[in-house]
Amino acid sequence: MRKPLSVALLLVAASVTPALAETVLEKIGRTGLLTAGTRTASIPFAFINEKNEWIGFSVDFLEAVRARLEKKLGKPIKLDKKEVTPATRIPLVANRTIDVECGSTTYTRGRDETVDFTINFFFTGSQLLVKRGSGIKSVADVAGKRVGATQGTTNEKALRVSQPRADVVTFQDHAAGFLALDQGKIVAYVTDGILLAGLAAKSKNPKDWEVVGDFFSKDPYSCIVPENDSKWRDFVNHTLMELIDNGKYFEMYDQWFGEKGVVPYPMSAQVRNYMIMQSMPE
Amino acid sequence: MSVSRILGLQYEFRWSVLWESPYGEWLLQGIKNTVVLSLLAWLVALVLGIALGFLRTAPWRIPRALATGYVEFFRNTPLLVQLFFWYFAVPQVLPAGPWRDALNSLNLQTPILTVNYEFLAGLGGLGVYTSARVGETIRAGIQAIPRQQTEAALSSGLSLGQAYRYVLIPVGLRIVIPPMATEFLSIFKNSSLAVTIGFAEVTFQTQQVNSYTFKGLEAVTAATLIYLAISLTIAAFMNRLERRYAIPGLIARGATRE
């Protein structure tokens with residue numbers, strides 16, 4: 001499921017890539033296909049709902065990229081979604097198996113050495129999800145306790161740094177981590193606050209859970225694009241800028257994170273200003 | 001640091017991530033955990049497998065049917081699914097209460113490794129899955145023994161249990177050393193699936209190295225070489241065992257060299 005496979009894919013993909021010089025935009029123009037990686041259990045960014053539909057905020061954004069591609073290239077473009085995990089998303093973009101990954105990926109300078117990032121489409125940070133009334137209020141309270149995180153995430157690293165005395169148990173996706181928390185295998189599960197709110201909101205009894213503690217990492221979300229293809233990165237960036245300028249971004253935000261959204265997480269004034277500032281004039 | 005081109009890809013190799021601190025220590029930890037988990041799981045598989053081989057060939061209908069059911073169930077479902085079953089479902093069979101909680105949150109430091117439920121689930125899953133396969137191999141070994149030898153054992157005054165204990169199982173095991181070597185090798189490779197239930201073995205640690213350094217090719221190369229080294233060591237060991245214990249005239253053709 002994970003890296004050994006992805007590297008095998010990497011070699012296969014690399015061997016069938018016709019020419020190194022072909023940019024992502026040229027490839028999409030040639031094939032009529034936007035191959036995008038995204039997640040399957042990152043609520044509400046990219047997840048599979050009860051009706052077995054693959055939806056979410058990031059999926060909507062990919063759809064907007066596809067629509068803008070059709071306009072630019074003047075031909076029908078199909079969006080082909082591929083599942084990625086935190087462990088596979090960077091190799092799969094680096095080896096160009098996927099053209100772009102939009103899910104719930106934190107932009108870090110370390111990752112930027114291997115792949116490129118677009119401008120940010122969301123802001124959050126590491127927090128803890130605990131059973132209501134557990135007595136755990138912050139990352140300081142989990143010393144010597146078993147705490148869960150998804151392997152390979154910024155949250156896992158932040159947890160190990162912020163609380164070196166925690167026994168970290170890793171999972172391959174949030175669904176498994178949440179199940180382990182529910183069964184008492186761990187006392188807290190760590191990931192970005194917004195994802196924790198999503199896990200709680202989708203659980204049987206949302207009231208049984210609470211997201212606690214200050215952010216102990218900052219996690220701005222961006223899409224991953226291949227290194228050294230600035231035309232393609234510009235294209236994805238400009239798609240987001242257009243959505244911010246014409247207000248569609250805020251409608252999308254409201255649809256997923258508003259009061260009636262899948263995961264209520266109202267946008268702060270600070271974040272709203274930041275998003276507007278990120279959009280450059282035409 | 002040199003930029004290399006592999007199959008048209010630009011990639012900067014940095015092999016030192018495999019021994020730099022702390023990554024080198026992580027890999028060594030992973031190797032230790034892989035070896036401990038696999039060896040203990042092999043012990044489980046061998047003990048259960050011998051029992052299965054016995055029951056599958058014994059002349060008792062109901063135990064034989066039960067053993068057949070066990071083999072078909074554990075041999076014909078994916079190990080990955082079985083591991084999830086052991087990790088997430090098995091403890092929930094216990095009644096809710098302190099016992100179940102203690103099992104789920106087990107965290108026992110031993111000099112060799114941390115015994116937690118991730119380890120126990122991996123041990124149970126890997127051991128039981130392999131036991132079904134080992135049991136079939138041993139059954140084949142026992143059935144390869146000529147019927148006359150069983151009859152001779154019984155007519156010399158041995159009970160059925162004694163015939164198994166002193167003749168059928170020892171001889172059967174010696175016949176099936178080559179396929180058992182394959183099973184023994186498989187358990188080390190299959191142990192990599194324990195990463196999915198959070199057990200920190202070699203695959204887990206190489207993924208950690210990748211996620212901290214973004215040097216995925218180096219990390220996967222390390223994993224490949226580590227598994228290869230473990231497997232070749234075991235293959236060499238099993239070859240010696242085979243030469244030593246092969247039964248002359250049975251499958252010994254080519255295996256015994258004076």
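When the residues of segment A:50-64 are filtered to those that are part of a helix (DSSP H, G or I) and of a type in the set (Phe, Trp, Tyr), which remaining residue is surrounded by the most Cβ atoms within 10 Å (Cβ to Cβ)? Here the answer is A:Phe57.
Restricting attention to segment B:140-149, does a residue exist that is within 20 Å of the chain's Cα centre (by Cα) and closer than 25 Å to B:Val44 by Cβ? Yes: one or more hits. Checked against the criterion of being modelled with pLDDT of 95 or more, loosely packed, with under 14 Cβ neighbours inside 10 Å and in the same structural domain as A:Leu240 (by TED's automatic domain parsing), the candidates A:Ala36, A:Ala19, A:Ala8, A:Ala67 yield just one match: A:Ala67. Checking every residue in segment B:182-193 against the condition of being within 16 Å of the chain's Cα centre (by Cα), closer than 30 Å to B:Ser16 by Cβ, of a type in the set (Gly, Ala, Ser) and at pLDDT 95 or above gives at least one match. Counting only residues that are within 18 Å of the chain's Cα centre (by Cα) and modelled with pLDDT of 90 or more, which one in segment A:198-215 is farthest from A:Arg111 (Cα to Cα)? The qualifying residue farthest from A:Arg111 (Cα to Cα) is A:Ala200.
In segment B:189-209, the residue that is nearest to the other protein chains (Cβ to nearest Cβ) out of those that are touching a Ser or Thr at 6+ places or on another chain (Cβ under 7 Å) and crowded, with 24+ Cβ neighbours inside 10 Å is B:Gly198. Might you let me know whether segment A:208-222 holds any residue that is assigned by TED's automatic domain parsing to the domain that holds A:Ala143 and in a helix (DSSP H, G or I)? Yes, some residue in segment A:208-222 is assigned by TED's automatic domain parsing to the domain that holds A:Ala143 and in a helix (DSSP H, G or I). Restricting attention to segment A:110-134, the residues being away from chain B (no Cβ under 11 Å) and either β-branched (Val, Ile, Thr) or more than 15 Å from the chain's Cα centre (by Cα) (or both) number 11. The residue list B:Glu242, B:Glu183, B:Glu218 contains one member that is surrounded by fewer than 23 Cβ atoms within 10 Å (Cβ to Cβ) and within 14 Å of chain A (Cβ to nearest Cβ), which is B:Glu218. Return the residues of segment A:175-223 that are of a type in the set (Val, Ile, Thr) and in contact (Cβ under 8 Å) with a residue 60 or more places away in the chain; say none if nothing qualifies. Scanning segment A:175-223 gives A:Val190, A:Thr191, A:Ile194, A:Val211, A:Val212. On the basis of being in a helix (DSSP H, G or I) and either touching a His at 6+ places or on another chain (Cβ under 9 Å) or surrounded by fewer than 19 Cβ atoms within 10 Å (Cβ to Cβ) (or both), does A:Glu259 make the cut? No: the conditions fail for A:Glu259.
Looking only at residues of segment B:45-54 that are under 18 Å from B:Val171 (Cβ atoms) and not aromatic (Phe, Trp, Tyr), we find that the one that is nearest to the chain's Cα centre (by Cα) is B:Leu46. Considering segment A:79-132, the qualifying strands (runs of 3 or more DSSP E), each wholly inside and each with 2 or more residues that are in contact (Cβ under 8 Å) with a residue 40 or more places away in the chain and over 30 Å from A:Asp245 (Cβ atoms), run over A:126-131. Does segment B:229-239 hold any residues that are loosely packed, with under 15 Cβ neighbours inside 10 Å and over 13 Å from B:Lys189 (Cβ atoms), and which are they? Result: B:Thr233, B:Ala236, B:Phe237, B:Asn239. Highlighted here are the helices (runs of 4 or more DSSP H) found entirely within segment B:52-154 that include at least 3 residues which are under 24 Å from B:Pro179 (Cβ atoms): B:61-75, B:79-84, B:117-144.
The values are calculated or read from the model by the stated rules, or taken from the named source; none is laboratory data. None of the values given here were measured: they were computed from a predicted structure. Here the Cβ is made from the backbone with ideal geometry for all residues, glycine too, and neighbour counts use every protein chain on show.
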